[in-house]
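Trainee: The following block contains the structure, expressed as C-alpha cells.
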Amino acid sequence: MTRLRYDPKNLLTSLVLVFPLFIAYQIGVLFTLPMLNGADFLTTFLFHNLGLSKSAYLVYTLVVAAAFLVAVAVLHRSQRFDPRLILPVFIESAIYALTMGTLIIFVMTRVLHVSPRLAGGAIAEQGLLSRFVMSLGAGVWEEAVFRLGIMTGVAVMFERLLGVSRWLAVTIALLVSSALFSAMHHIPPYGDPLQLGVFTFRVLAGCFFGLIYWLRGFAIVVYTHAIYDVYVLLLR
C-alpha cells in the first residue's frame with residue numbers, strides 16, 4: 001500500500017482540491033451582487049467594466065470549468081491525484097483555521113483591545129449566504145493573489161534577481177504580501193475604516209496564511225482561509 005501524503009508541489013492535486021471552492025464562489029456571487037470579494041479583480045472587471053450579464057457570466061464560468069478539465073487531463077499524464085487526500089487536507093486545514101481563529105480572537109480582545117466583529121468589515125453585517133460566499137471567495141482569491149501571486153513573486157525576485165538568501169527573501173515576501181493583504185481590506189466600498197488594531201490583526205493573519213502556504217502548499221492555505229472566515233463570520 002502506497003503512503004498517503006499531500007505533496008504541495010503537485011499542481012494537479014492543488015487544482016482538484018481548490019476548484020470546487022472556486023466554482024461555488026463564482027456561482028454564489030450571482031446571489032450576492034454587487035458584493036464581491038475585494039481580491040476578485042476578474043469578476044469585478046467582468047461585471048463593472050465590461051457590463052457582463054448574469055447569463056453571459058454563467059457561460060464564462062462554464063468555459064472556465066472546461067479549461068479546468070483540460071488542465072486536469074494534461075497534468076494527469078505526469079501527476080496523480082489521490083481522492084483519499086480530500087479528508088486529510090480538510091481536517092488539517094480545519095485544525096489550522098480553528099486554532100488560528102480562537103488565538104486571533106484572543107489577541108484582538110485581550111491584547112489589541114479590538115472587537116473581532118470589526119475584522120469582518122461591512123461583510124459582517126450581511127446575511128448568512130453573503131458571508132458564506134465571501135468566505136469561499138476569500139479562501140480562493142485572496143490566497144491566489146497575495147500568497148500564490150505576490151508572496152511567490154516577491155520571494156523569487158529577491159532571491160533570483162537580487163541575489164538575496166532564500167530565508168531573507170521569503171521573510172521580505174511574507175511581510176510585503178501580509179501588509180498588502182491587510183491594506184486591501186480597507187479599500188472601499190466594502191472595506192472597513194482604517195484602524196491600527198484591525199490593520200495589525202490582518203497583518204498577523206497574513207503572516208499566518210503565508211507560513212501555511214510556504215510550508216504546506218496552496219490547497220491547504222485556501223481551505224484554511226475559507227474555513228477560518230466561515231468560523232469567524234458565521235459561527236462567532
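One line per residue, one yes/no per condition, for (1) open to solvent by 50 Å² or more (accessible area, probe 1.4 Å); (2) of a type in the set (Val, Ile, Thr); (3) free of Cβ contacts under 8 Å to residues at least 40 places away in the same chain:
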| residue | (1), (2), (3) |
| --- | --- |
| Gly137 | no, no, no |
| Ile150 | no, yes, yes |
| Val156 | yes, yes, yes |
| Leu180 | yes, no, yes |
| Met184 | no, no, no |
| Ile187 | yes, yes, no |
| Val221 | no, yes, no |
| Ala226 | no, no, no |
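Trainee: Only one of (1) open to solvent by less than 60 Å² (accessible area, probe 1.4 Å); (2) touching a Leu at 6+ places or on another chain (Cβ under 9 Å); (3) farther than 15 Å from Ala138 by Cα; (4) modelled with pLDDT of 90 or more fails for Gly206. Which number is that?
Mentor: (3)
Trainee: Helices (runs of 4 or more DSSP H) wholly in region 1-106 with at least 3 residues that are open to solvent by 60 Å² or more (accessible area, probe 1.4 Å) - which ones?
Mentor: It comes to 11-28, 54-75, 86-106.
Trainee: Take the conditions at pLDDT 85 or above, on the phi < 0 side of the Ramachandran plot, small (Gly, Ala, Ser) and part of a loop (DSSP other than H, G, I, E, B) and apply them to Ser135. Does it pass?
Mentor: no
Trainee: Let me ask another. Tally time: how many residues in region 193-208 are within 15 Å of Val107 (Cα to Cα) and without any contact (Cβ under 8 Å) to a residue 12 or more places away in the chain?
Mentor: Counting residues in region 193-208 that are within 15 Å of Val107 (Cα to Cα) and without any contact (Cβ under 8 Å) to a residue 12 or more places away in the chain gives 1.
Trainee: Given the residues Arg216, Arg166, which is the only one that is without any contact (Cβ under 8 Å) to a residue 40 or more places away in the chain, over 20 Å from Ile104 (Cα atoms) and not acidic (Asp, Glu)?
Mentor: On inspection, the qualifying residue turns out to be Arg166.
Trainee: Do you know which residues across region 160-190 are within 17 Å of the chain's Cα centre (by Cα) and either at pLDDT 95 or above or assigned to a helix (DSSP H, G or I) (or both)?
Mentor: Ala173, Leu174, Leu175, Val176, Ser177, Ser178, Ala179, Leu180, Phe181, Ser182, Ala183, Met184
Trainee: If you don't mind, there's one more thing I want to ask. Which of the residues spanning region 48-96 are of a type in the set (Gly, Ala, Ser) and without any contact (Cβ under 8 Å) to a residue 60 or more places away in the chain?
Mentor: Listed by number, the residues that qualify are Gly51, Ser53, Ser55, Ala56, Ala65, Ala66, Ala67, Ala71, Ala73, Ser78.
The values are calculated or read from the model by the stated rules, or taken from the named source; none is laboratory data. Predicted model, so just to flag it, every value in this text is computed and none were measured. Quick reminder, even Gly has a Cβ in these numbers, built from the backbone with ideal geometry, and neighbours come from all protein chains shown. Please note that ligands, DNA and RNA were not included when accessible areas were found on the heavy atoms of the full protein model with its side chains. Shrake-Rupley method; radii C 1.70, N 1.55, O 1.52, S 1.80 Å.
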